[in-house]
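Asker: Okay, handing you the structure first.
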Amino acid sequence: MQSGTDCRSGIKPPGFTCFAIYYFGTGTRRILVYFQKKPLITGLKSGFLALSGGLWLANSQITINSDPSRLDYYNDSGKLELQGIITENPDKRDRTSLILLEASGIATSSGWQEVSGNVLLTLPSYPEYSYGDQIRISGYLKTPENFDGFDYKSYLENQQIYSVMVYPETTLLLKTTETR
């Protein structure tokens with residue numbers, strides 16, 4: 001082999017390409033021969049690697065909210081009372097309205113606490129609420145559920161909505177005259 005030419009083609013390679021091809025090629029063969037001689041060790045190492053990867057993947061998919069200042073901390077924890085501002089025009093349907101509420105407070109045993117997060121409310125069509133209205137609601141805060149093969153939870157998460165509440169008791173605190 002000439003100095004400065006490729007191992008086979010005679011083209012000049014960058015840096016240590018011939019060395020790398022030789023080293024990794026023979027190294028791979030040595031590893032395969034080693035594992036063929038020790039199948040039990042290979043199986044255990046492969047199993048451990050697969051288990052570790054599976055645990056890492058499962059852990060990365062689970063998000064546990066332990067921050068009581070976030071609204072979704074209270075999902076699925078029973079009946080509660082919230083207050084906040086309607087941040088979008090209501091989506092009016094025949095019998096219901098979908099309303100996005102940005103929560104600002106939650107009633108706890110020690111009084112009202114600040115909280116932040118969005119909740120998608122399903123309310124009867126009447127009384128009507130508007131963008132900017134401040135309301136207090138009492139009901140069951142739930143984590144959104146998927147349905148009919150549709151990943152509704154992810155759909156709402158993309159809009160920064162991590163909680164839903166269906167037909168809560170509602171009290172108007174402040175009516176806005178602003179329209180949007």
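The values are calculated or read from the model by the stated rules, or taken from the named source; none is laboratory data. In this text the structure is predicted, and so the values were computed from the model without any measurement. Quick reminder, even Gly has a Cβ in these numbers, built from the backbone with ideal geometry, and neighbours come from all protein chains shown.
Asker: Of all residues in segment 148-178, count the ones that are assigned to a loop (DSSP other than H, G, I, E, B) and of a type in the set (Phe, Trp, Tyr). Before you say what the answer is, go through the steps one by one.
Answerer: The initial filter retains those residues of segment 148-178 that are assigned to a loop (DSSP other than H, G, I, E, B), namely 148-149, 151, 158-160, 167-168, 175-178.
Adding the requirement that they be of a type in the set (Phe, Trp, Tyr) leaves 167.
Adding up the residues that qualify gives 1.
Asker: Taking the residues in segment 48-64 that are assigned to a loop (DSSP other than H, G, I, E, B) and farther than 21 Å from residue 159 by Cβ as candidates, determine which candidate is modelled with the lowest pLDDT. Full working, then the answer.
Answerer: Of all residues in segment 48-64, those assigned to a loop (DSSP other than H, G, I, E, B) come to 62-64.
Cutting the leftovers down to farther than 21 Å from residue 159 by Cβ gives us 62, 64.
Working: 62: 52, 64: 62.
This residue is 62.
Asker: Look at segment 138-157 and say how many of its residues are farther than 15 Å from residue 96 by Cβ and in contact (Cβ under 8 Å) with a residue 24 or more places away in the chain. Explain how you work it out, then say what you get.
Answerer: Of segment 138-157, the ones farther than 15 Å from residue 96 by Cβ are 138, 140-157.
When the remaining residues are screened for being in contact (Cβ under 8 Å) with a residue 24 or more places away in the chain, the result is 138, 140-144, 156.
Of the residues in that region, 7 qualify.
Asker: Looking at segment 96-119, can you tell me whether even one residue there is loosely packed, with under 12 Cβ neighbours inside 10 Å, under 16 Å from residue 75 (Cα atoms) and either among the hydrophobic types (A, V, I, L, M, F, W, C) or in contact with a helix residue (DSSP H, G or I) (Cβ under 9 Å, 6 or more places away or on another chain) (or both)?
Answerer: No - not one qualifying residue is present in segment 96-119.
Asker: Moving on. Just to be sure I understand, how many residues within segment 65-91 are assigned to a strand (DSSP E or B) and in contact with an Asp or Glu (Cβ under 8 Å, 6 or more places away or on another chain)? Don't jump to the end; show me each part of the working.
Answerer: From segment 65-91, those assigned to a strand (DSSP E or B) are 70, 79-86, 91; that's our starting set.
Now restrict to residues that are in contact with an Asp or Glu (Cβ under 8 Å, 6 or more places away or on another chain): 84-86.
Of the residues in that region, 3 qualify.
Asker: Does segment 134-147 contain at least one residue that is within 13 Å of residue 74 (Cβ to Cβ), in contact with a Phe, Trp or Tyr (Cβ under 8 Å, 6 or more places away or on another chain), part of a loop (DSSP other than H, G, I, E, B) and among the aliphatic types (A, V, I, L, M)?
Answerer: Yes, segment 134-147 contains at least one residue that is within 13 Å of residue 74 (Cβ to Cβ), in contact with a Phe, Trp or Tyr (Cβ under 8 Å, 6 or more places away or on another chain), part of a loop (DSSP other than H, G, I, E, B) and among the aliphatic types (A, V, I, L, M).
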